[in-house]
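Colleague: Before I ask anything, let me first share the structure, which is written out below as structure tokens.
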Amino acid sequence: MSNAVYGVAIIGAGASGLMLAANLDMGYSSGVVLEGTSCIGKKLLMSGGGRCNITHGGSIKDFVSAYGDAGPLLRKCLYKHNNLELIGFLEGIGIETTEEDGRVFPTSMKAKDVLDALVSEAASNMWQIETDAKVCGLEKSTDGNWVIQLKDRGEIKAQSIVVASGGITYPETGSDGSMFELLKGLGLSIKEPRPALAPIYVDYYPYAELAGISIPDVSVSVTGKEAGDKTVRMKGDILFTHEGFSGPAILNISKYAREGAALSISYDKSLENLPKRMQRILQDRARGESGDIKTKMLGGLLDKDEFTVKGVSERGMVSYGGVKLEEMDMSSMRSVADESLYIIGEALDADGITGGYNLQMCWSTACSCADALRGILTNSY
Ligand SMILES: Cc1cc2nc3c(=O)[nH]c(=O)nc-3n(C[C@H](O)[C@H](O)[C@H](O)COP(=O)(O)OP(=O)(O)OC[C@H]3O[C@@H](n4cnc5c(N)ncnc54)[C@H](O)[C@@H]3O)c2cc1C
């Protein structure tokens with residue numbers, strides 16, 4: 001790696017770091033992408049079960065509510081760099097897309113094609129991608145440049161840095177949360193990340209034998225255990241697994257499900273319209289001491305099957321938490337504390353529901369950051 005000062009260093013070669021590199025021409029400066037592992041884009045390759053649900057169809061206005069409280073703060077960058085722009089960009093670099101029930105995928109259904117196309121664009125934008133370059137220290141030197149310490153590889157300098165290091169789930173992909181400690185050291189506030197879009201485990205789970213069966217269009221709600229905690233409600237399909245509840249409605253509500261919270265499921269169907277094996281389990285659960293089925297109790301289970309949350313799987317698709325958005329100028333993704341520090345993608349305290357909203361957020365934040373950096377790089381040459 002060069003001893004000269006890089007114009008921009010991106011920390012993390014995941015979806016957001018590579019989307020930025022694919023959008024920012026470094027021909028007049030020098031840019032390096034520092035990836036801590038030996039492999040780039042591991043989480044992108046896993047996305048959509050390897051098929052990569054890259055975004056969602058429809059109006060971008062409908063995206064805002066998909067990010068919960070973060071939605072209104074993301075609005076500006078989502079509108080500026082929206083789903084149609086992402087689809088158009090992909091087509092421009094040779095990736096045709098297809099929509100399935102609102103979800104947009106590469107027509108090849110291969111996440112690898114998306115990764116390869118982004119890497120090829122990054123190379124033509126003159127980015128140098130360095131693997132096995134784990135950032136383990138960050139400080140500002142007296143000349144205003146960043147000094148970036150790399151594990152077992154010395155240090156490099158850069159004028160601006162972009163943190164694209166992801167969240168905390170699936171740490172074997174390299175997204176191990178290590179950058180959050182360094183960012184805390186720089187004085188940034190971090191909302192402690194925890195898994196989201198994850199299966200929920202409950203006490204006394206009765207449906208292990210239904211593993212693999214899903215029920216469409218049910219209503220789920222989660223109420224925190226502290227007095228005053230609000231109830232969050234969602235509608236969608238649920239899936240029974242050996243160990244707990246999964247499926248879109250459960251994954252989407254999981255970020256609110258902390259240990260001790262109440263999970264309530266309303267199946268919104270009569271008993272006869274549920275799978276036979278489930279009917280039997282519900283009937284058994286509604287039996288009185290004498291063995292007869294209590295009709296009222298059975299109706300109660302159909303209407304409000306209640307559980308206490310034991311926990312949420314560590315294998316969340318995204319993290320809930322990260323760098324607080326109040327720390328950021330949301331039109332440039334620049335930290336308000338330091339104008340040469342940018343943060344994009346899942347490292348931010350912003351996460352969406354399933355359906356392509358998380359990769360769209362990576363795109364919108366990466367492109368907003370590219371706009372800001374383009375302005376600086378153009379002015380300095
Ligand atoms: C199983 C699964 C399926 C998913 N499916 C979808 C889907 O279909 N659609 C969708 O929208 N979203 C999906 N997601 C979520 C989506 O993949 C992520 O939100 C997205 O990849 C995050 O991109 P990122 O670049 O912000 O972070 P990441 O992809 O996590 O990349 C961060 C990179 O930074 C590197 N890094 C971390 N720390 C350091 C350090 N200290 N030094 C150097 N490098 C570092 C990591 O090694 C990693 O390569 C899925 C996630 C999972 C786990």
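Colleague: If each residue of separation counts as 0.36 nm, what is the full-extension length gain between SER38 and LEU84 once their alpha-carbon separation is subtracted?
Modeller: Values: separation 46, 0.36 × 46 = 16.56 nm, distance 3.27 nm.
Length gained between SER38 and LEU84: 13.3 nm.
Colleague: May I ask you to compute the full-extension gain from LYS225 to GLN279, defined as 0.36 nm times their residue separation minus their alpha-carbon distance, rounded to one decimal in nm? Intermediate values should be presented prior to the final figure.
Modeller: Values: separation 54, 0.36 × 54 = 19.44 nm, distance 2.98 nm.
Computed gain between LYS225 and GLN279 is 16.5 nm.
Colleague: So what's the chain giving for Cα Rg divided by 2.2 N^0.38 Å, two decimals? The partial results should precede the final answer.
Modeller: Working: Rg = 23.0 Å, N = 381, 2.2 N^0.38 = 21.0 Å.
Output field value: 1.09.
Colleague: Can you give the angle from 0 to 90° between the axis of helix 71-80 and the longest principal axis of the chain, with both taken from C-alpha atoms, to the nearest 10?
Modeller: It is inclined by approximately 50 degrees.
Colleague: In addition: Taking the highest mean first, how do the peptides 175-183, 343-351 order by number of other beta carbon atoms within 10 angstrom per residue? Each step should come with its number before you reach the end.
Modeller: Working: 175-183: 19.8, 343-351: 28.3.
In decreasing order of mean packing, 175-183, 343-351 become 343-351, 175-183.
Colleague: What do you get for trypsin sites (Lys or Arg not before Pro) in region 149-210 restricted to DSSP loop and a cutoff of at most 16 other Cβ within 10 Å of the site's Cβ? Please list the in-between numbers first.
Modeller: Numbers: sites: LYS151, ARG153, LYS157, LYS184, LYS191; in loops: LYS151, ARG153.
Sites meeting the loop and neighbour criteria: LYS151, ARG153.
Colleague: Let me ask something else about it. Given R₀ = 41 Å, what would the calculated FRET efficiency be for GLU289 paired with ASP217, taking r from the Cβ atoms and rounding to 0.05?
Modeller: 0.75
Colleague: Quote the accessible area belonging to THR295 in square angstrom, nearest 10, computed with a 1.4 Å probe and with ligands, DNA and RNA left uncounted.
Modeller: About 110 Å², ignoring ligands and nucleic acids.
Colleague: Could you list, in their original order, any pairs among LYS43/LYS304; LYS80/LYS191; LYS255/LYS304; LYS112/LYS140 whose Cα atoms are separated by more than 31 Å?
Modeller: On the way: LYS43/LYS304 36 Å; LYS80/LYS191 26 Å; LYS255/LYS304 21 Å; LYS112/LYS140 36 Å.
Beyond 31 Å: LYS43/LYS304; LYS112/LYS140.
Colleague: Here's something else I'd like to know. By average Cβ neighbour count within 10 Å, what is the ranking of 281-287, 110-116 from highest down?
Modeller: Values: 281-287: 15.7, 110-116: 19.4.
Packing proxy ranking, top to bottom: 110-116, 281-287.
Colleague: By average Cβ neighbour count within 10 Å, what is the ranking of 363-374, 125-136, 216-227 from highest down?
Modeller: In decreasing order of mean packing, 363-374, 125-136, 216-227 become 363-374, 125-136, 216-227.
Colleague: Using the alpha-carbon atoms, what tilt in degrees (0 to 90, nearest 10) does helix 276-285 show relative to the longest principal axis of the chain?
Modeller: Helix 276-285 and the main axis of the chain meet at about 70 degrees.
Colleague: If one takes the longest principal axis of the Cα atoms in the chain, at what angle in degrees, from 0 to 90 and to the nearest 10, does the Cα axis of helix 357-379 lie?
Modeller: 20 degrees
Colleague: If each DSSP helix of 4+ residues adds -39,500 (n - 2.57) and the sum is divided by the residues in the chain, what number results at 222 nm, nearest 500 deg cm²/dmol? Each step should come with its number before you reach the end.
Modeller: Working: 10 runs with 104 residues, N = 381.
Rounded to the nearest 500, it is -8000 deg cm²/dmol.
Colleague: Sticking with this structure for a sec: I want the local charge near GLU243. Using Cβ-Cβ distances under 14 Å, sum +1 for each Lys or Arg and -1 for each Asp or Glu among the other residues. If you can, show how the numbers build up before the last one.
Modeller: Values: positive: LYS310, ARG315; negative: ASP203, GLU209, GLU314.
Every neighbour counted, the sum reads -1.
Colleague: Which values of log₁₀ I(q)/I(0), to two decimal places, follow from the Debye formula for region 171-301 at q = 0.11, 0.13, 0.22 Å⁻¹ with a uniform point scatterer at every Cα?
Modeller: So the normalised log intensities work out to -0.51, -0.66, -1.35.
Colleague: Between region 193-261 and region 57-78, how many Å separate their Cα centres?
Modeller: 23 Å
Colleague: Right, next: Cut-off 10 angstrom, C-alpha nodes, Gaussian network model of the chain. Which of GLY57, GLY288, GLY137 fluctuates the most?
Modeller: GLY288
Colleague: Set the Förster distance to 30 Å, then compute FRET efficiency between GLU100 and LYS324 from the Cβ-Cβ distance, nearest 0.05. Could the numbers behind the result be given before it?
Modeller: Numbers: r = 35 Å, r/R0 = 1.16.
Once rounded, the FRET efficiency stands at 0.30.
Colleague: Using a 1.4 Å probe, how large is the accessible area of ARG51, given in Å² and rounded to the nearest 10?
Modeller: Rounded to the nearest 10, the figure is 80 Å².
Colleague: Okay, moving on. What's the magnitude of the charge dipole for region 255-381 around its Cα centre, counting Lys and Arg as +1 and Asp and Glu as -1 at the beta-carbon? Answer in Debye, nearest 20. Write down the numbers at each step before the final one.
Modeller: Working: 16 positive and 19 negative charges, 162 e Å.
The dipole magnitude comes to about 780 debye.
Colleague: Follow-up question, since we're still on this one. Starting from the Cα-Cα distance between ASP143 and ASP338, subtract it from 0.36 nm times their residue separation and give me the gain in nm to one decimal. Please report the intermediate quantities before stating the final value.
Modeller: Working: separation 195, 0.36 × 195 = 70.20 nm, distance 1.44 nm.
Here the segment from ASP143 to ASP338 would lengthen by 68.8 nm.
Colleague: Rounded to the nearest percent, how much of the accessible area of region 199-312 (1.4 Å probe, protein heavy atoms only) is carbon and sulfur?
Modeller: Details: 2980 of 6070 Å².
Result for region 199-312: 49 percent of the exposed heavy-atom area is carbon or sulfur.
Colleague: Still on this structure: Measure out, as a whole number of angstrom, how far apart the alpha-carbon centroids of region 320-344 and region 112-161 sit.
Modeller: So the two Cα centres are separated by 18 Å.
Colleague: Once amide H atoms are placed 1.01 Å from N in the peptide plane, what residues at a sequence separation of 5 or more from GLU155, or on another chain, have their amide H within under 5 Å of its amide H?
Modeller: Amide H to amide H, under 5 Å and 5 or more residues apart or across chains, GLU155 pairs with LEU150.
Colleague: In whole Hz, what ³J(HN,Hα) sequence does region 241-254 give by Karplus (6.51, -1.76, 1.60; θ = phi - 60°), x for Gly and Pro?
Modeller: Along region 241-254, the couplings run 10, 4, 10, x, 8, 9, x, x, 5, 6, 4, 5, 8, 4 Hz.
The values are calculated or read from the model by the stated rules, or taken from the named source; none is laboratory data. Everything numeric here is computed off the predicted structure, so don't read it as measured data. Backbone-built Cβ (ideal geometry, glycine too); neighbour counts: all protein chains shown. These accessible areas exclude ligands, DNA and RNA; they are computed on the full protein's heavy atoms, side chains included. Shrake-Rupley method; radii C 1.70, N 1.55, O 1.52, S 1.80 Å.
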